[in-house]
Amino acid sequence: MEVHPGVFVSNVSTTDFHPDDEIGGDAEEHVLFDNGEVRAGLSRFGKGGDPIAVWTLPAVQVLVVLEGEARIEISDGPTLELKSGDMAALPKGITTTWHLTLPFKEMWVLA
């Protein structure tokens, strides 16, 4: 929520999630901020969701795992094993395959 021009505030416990059309499936997102160049928010996958997602990054992604775990296979690269509290940065343009332990929630920034 924009509380002042350019100032945005939310909470990791928000219930304001919407389907994430970019990832599809049961993915949901809560967008804190989007100015066309930088986006930031939360993504979540519930217990009944698909634990596998393939995604090509449209921008550099910085993320923090808030709940669950993710094994991220990077095309022509390493496999990351991330758990709650871990952070990662991924380069623009790579294709990733995410294997999630559900429920899963992450905070992300795309720039």
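Just a few scattered comments:
- Checking the stated criteria, Lys47 turns out to be farther than 28 Å from Glu2 by Cα, part of a loop (DSSP other than H, G, I, E, B) and not small (Gly, Ala, Ser).
- Within segment 52-100, considering residues that are modelled with pLDDT under 95 and under 17 Å from Asp26 (Cβ atoms), the one surrounded by the most Cβ atoms within 10 Å (Cβ to Cβ): Ala53
Results for (1) farther than 16 Å from Ala111 by Cα; (2) in contact (Cβ under 8 Å) with a residue 40 or more places away in the chain; (3) part of a strand (DSSP E or B), shown as yes or no for each residue.
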position: Gly41; (1), (2), (3): no, yes, yes
position: Ala53; (1), (2), (3): yes, yes, yes
position: Ala59; (1), (2), (3): no, yes, no
position: Glu69; (1), (2), (3): yes, no, yes
position: Ile72; (1), (2), (3): yes, no, yes
position: Leu82; (1), (2), (3): yes, no, yes
position: Ala88; (1), (2), (3): no, no, yes
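- Just one of the numbered conditions (1) assigned to a strand (DSSP E or B); (2) surrounded by fewer than 17 Cβ atoms within 10 Å (Cβ to Cβ) is not true of Asn11: (1).
- Scanning segment 24-36 for residues being over 15 Å from Met107 (Cα atoms) and among the hydrophobic types (A, V, I, L, M, F, W, C) gives a total of 0.
The values are calculated or read from the model by the stated rules, or taken from the named source; none is laboratory data. Keep in mind it's a predicted model, so treat the numbers as computed, not measured. Please note: Cβ atoms are built from the backbone with ideal geometry, for glycine as well, and neighbour counts cover all protein chains shown.
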